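What follows is one structure encoded as structure tokens, with my remarks underneath.
The values are calculated or read from the model by the stated rules, or taken from the named source; none is laboratory data. Computed from a predicted model, the values in this text were never measured in an experiment. Counting neighbours? That spans all protein chains shown, and the Cβs are built from the backbone with ideal geometry, glycine included.
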Amino acid sequence: MNKWEMVIGLEVHSELKTRSKIFCGCSTRFGSSPNSNICPVCLGLPGVLPVLNQKVLEFAIKAGLALNCRIAAHSKFDRKNYYYPDLPKNYQISQYDLPIAENGWLDVEVGDGIKRIGITRIHMEEDAGKLVHAGSTITSSSHSLVDYNRTGVPLIEIVSEPDLRSPEEARAYLEKLKAILEYIEVSDCKMEEGSLRCDANISLRRHGQTKFGIKTEIKNLTSFRAVQRGLEYEAGRQQTILDEGGVIEQETRSWDEEKGVTVLLRGKEHAHDYRYLPDPDLVPLEIDRQWVEELKKQLPELPSARKQRYIEQMGLSDYDAGVLTASRATADYFEQVLAAGASPKGAANWVTVELAGKLNQSGLTISQSPVPAAQLAQLLKLIDDRVISGKIAKDVFARMWQTGKEPEQIIREEGLTQISDDDSLRQMVEQVISQHPQTVADFHAGKEKAVGFLVGQIMKLSRGKANPEIVNRMLREKLLEG
Amino acid sequence: MIDEKTVRDVARLSRLEVDDRQVEVLARQMGDIIGYMDMLSRIDTENVEPMAHVVPISNVWRPDSLRPSMPNQEAIRLAPDAEGEYFRTPKVVSG
């Protein structure tokens, strides 16, 4: 890239989690049988009248506030005209020149610090249906089947300024955006179910140049990984063309995840001319300032603020605080563990390492964790009270995960209680000392490492149950006596 | 003035077929209509607020509650072509 600078902007579509659609009372439920959540309004039958779902407006305003936007005083809906079978009316109800929110920003953590990414606008619109292509691929099918369940599901489109300078920054921006939308509970943001979708615009220019190069748009970026890989590929493709003295065509390309390439979807000559016009079926919106203020007060603590609190008030590391606050569900779980009496550092460690590892392995989200927060807190308390060692705790945790049993019960049933009783420990210390005269001699010759070896032997003898601190103290006393 | 190229562009966007003879007629007719509408630009709108709707009402909305949807087969029956629970359309490649 050295000679070239990447200029990237993202358009993110996020489905709002309302119960009913944006302009009718059909359900927004994902995974219903085909064409079962449809009615004359979302099918665009003649003579119907769409009526705005107030919750959609509320969620869009909340998103605007959380992304530091100016909320419009006057807003309206427009028709965006294009022909595609996933759109039964041949136009999509969207917003054109008076979007609900504009001029916001989002702080994103990138390599060496924080970078402020501009948000151009947020607008409300209806989602389109889904095409199911008969035949093996999109090009070989003879016809398409259409499911209109998704038609009319509310969306917000969030358009960033071309402020992103690398695929990593684009990914970090998208992850942060997702976290915020989840925190304010306006969207589920499930990329795998299509409730969070991303298109990317990218162009290259020489470093130092202020004018933008010609951009291409990449569609079909269906995961964070796809966003990053798609942009990396497209930057490379553009660079090759430019290095050879060629010219970039302004076009729309589609990311092919399997082949790892972008392919031409449509060129400039087939670019859409959407001919926006105000939708006469929907009346204008006059946004009440007081309502906006109320919604602002309802916003929860956002990820950056929460992270800052974890660092400043709980003394967590920047890294741990970042991992814990990346999703609201994780942060909430962590705080439940604290509320049940655990210390922040211990809880942070167990949530980000042991629990996260198990969740990853089994492909579960934290809200599906078989170990509830209160039980994890019990386990941490048992470590603090020295009933079990940290090492044994990992085994107990694995059993809790498998069986759903409480930690005390597992410890009792499997006899895992830490041995802190002096007599039994003293016996083990004496046994190990008598079995390893050479090591003891090494210790007296000044080899500090010998102690570690002997402690290890005692732990082995106790099958991990000896309290390592007491063993250490006792062993040193014994060695110095002898 | 509306030229023939504009007529062809608009026809393509509207998925309408026009032959060469029609293009000439349509260009003239559409030019007349646009010319007529152009009278509006002679009106002084200096102190008039822009408006997006002719009826002076705003903020019409409904609560987020469910209403029954149509039975699948009732909707499917309205379609020119269908397959099972799906509507069926000719092959489409690009959005």
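Quick notes on this one:
- Test: B:R12 is outside any loop (DSSP other than H, G, I, E, B), within 14 Å of chain A (Cβ to nearest Cβ), in contact (Cβ under 8 Å) with a residue 12 or more places away in the chain and of a type in the set (K, R): no
- For region A:255-368, the helices (runs of 4 or more DSSP H) that sit wholly inside it and include 2 or more residues that are within 30 Å of A:I61 (Cβ to Cβ) are A:289-298, A:303-314, A:318-325, A:328-339.
- Every residue from region B:52-95 that is within 27 Å of A:S75 (Cβ to Cβ) and either surrounded by 12 or more Cβ atoms within 10 Å (Cβ to Cβ) or in contact (Cβ under 8 Å) with a residue 24 or more places away in the chain (or both): B:A52, B:H53, B:S58, B:N59, B:V60, B:W61, B:R62, B:D64, B:L66, B:R67, B:G95
- Comparison of A:R229, A:R205 shows that the only residue that is in contact with a helix residue (DSSP H, G or I) (Cβ under 9 Å, 6 or more places away or on another chain) and either over 22 Å from A:L299 (Cβ atoms) or small (G, A, S) (or both) is A:R229.
- From the list A:R275, A:R289, A:R266, A:R306, the lone residue that is among the basic types (K, R) and on the phi > 0 side of the Ramachandran plot is A:R275.
- Any hit, region A:175-189, residues being under 14 Å from the mean Cα position of the chain (by Cα) and within 14 Å of another protein chain (Cβ to nearest Cβ): yes
- Considering residues of region A:180-204 that are among the small types (G, A, S) and either touching a Leu at 6+ places or on another chain (Cβ under 7 Å) or buried (at least 20 other Cβ atoms within 10 Å of the Cβ) (or both) only, the residue farthest from A:G129 (Cα to Cα): A:S203
- Which listed residue, of A:K449, A:K465, is in contact with a helix residue (DSSP H, G or I) (Cβ under 9 Å, 6 or more places away or on another chain), at pLDDT 80 or above and basic (K, R): A:K449
Each row is one residue, and each column tells you yes or no for (1) surrounded by fewer than 22 Cβ atoms within 10 Å (Cβ to Cβ); (2) touching a Ser or Thr at 6+ places or on another chain (Cβ under 9 Å); (3) of a type in the set (G, A, S).
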| site | (1), (2), (3) |
| --- | --- |
| A:S20 | no, yes, yes |
| A:F23 | no, no, no |
| A:C26 | no, yes, no |
| A:S36 | yes, yes, yes |
| A:P40 | yes, no, no |
| A:C69 | no, no, no |
| A:S75 | no, no, yes |
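- Contact map, region A:422-436: first residue assigned by TED's automatic domain parsing to the domain that holds A:F453, second residue surrounded by fewer than 12 Cβ atoms within 10 Å (Cβ to Cβ) and modelled with pLDDT under 90, Cβ cut-off under 9 Å, separation 6 or more or different chains; pairs are A:I433/A:G482.
- Hey, A:V247 exposed (fewer than 14 other Cβ atoms within 10 Å of the Cβ) and of a type in the set (A, V, I, L, M) or not: yes
- Options B:M70, B:M30; residue that is touching a Pro at 6+ places or on another chain (Cβ under 9 Å) and either outside any loop (DSSP other than H, G, I, E, B) or modelled with pLDDT of 95 or more (or both): B:M70
- Number of residues in region B:77-95 that are within 7 Å of chain A (Cβ to nearest Cβ) and not in a loop (DSSP other than H, G, I, E, B): the value is 6.
- When B:R15 is tested against (1) loosely packed, with under 10 Cβ neighbours inside 10 Å; (2) more than 20 Å from the chain's Cα centre (by Cα), exactly one condition is not met: (2).
- Residue ID - farthest from the chain's Cα centre (by Cα), chosen from residues in region A:317-331 that are crowded, with 16+ Cβ neighbours inside 10 Å and charged (D, E, K, R): A:D320
- Cβ-Cβ under 8 Å pairs, at least 6 apart or on other chains, region A:198-209 side over 18 Å from A:S254 (Cβ atoms) and assigned by TED's automatic domain parsing to the domain that holds A:A170, far side β-branched (V, I, T) and not in a strand (DSSP E or B): A:L204/A:I248
- When the residues of region A:77-101 are filtered to those that are under 17 Å from A:E286 (Cα atoms) and in contact with a Gly (Cβ under 7 Å, 6 or more places away or on another chain), the one that is surrounded by the most Cβ atoms within 10 Å (Cβ to Cβ) is A:A101.
- Matching residues in region A:290-316 - criterion: being surrounded by 13 or more Cβ atoms within 10 Å (Cβ to Cβ), without any contact (Cβ under 8 Å) to a residue 40 or more places away in the chain and aliphatic (A, V, I, L, M): A:I311, A:M314, A:L316
- Which numbered condition B:I57 misses (of (1) of a type in the set (A, V, I, L, M); (2) more than 24 Å from A:N53 (Cβ to Cβ); (3) within 8 Å of another protein chain (Cβ to nearest Cβ)): (2)
- Strands (runs of 3 or more DSSP E) wholly inside region A:1-98 that include at least 3 residues being modelled with pLDDT of 95 or more, more than 10 Å from chain B (Cβ to nearest Cβ) and farther than 30 Å from A:G245 by Cβ: A:4-15, A:91-94
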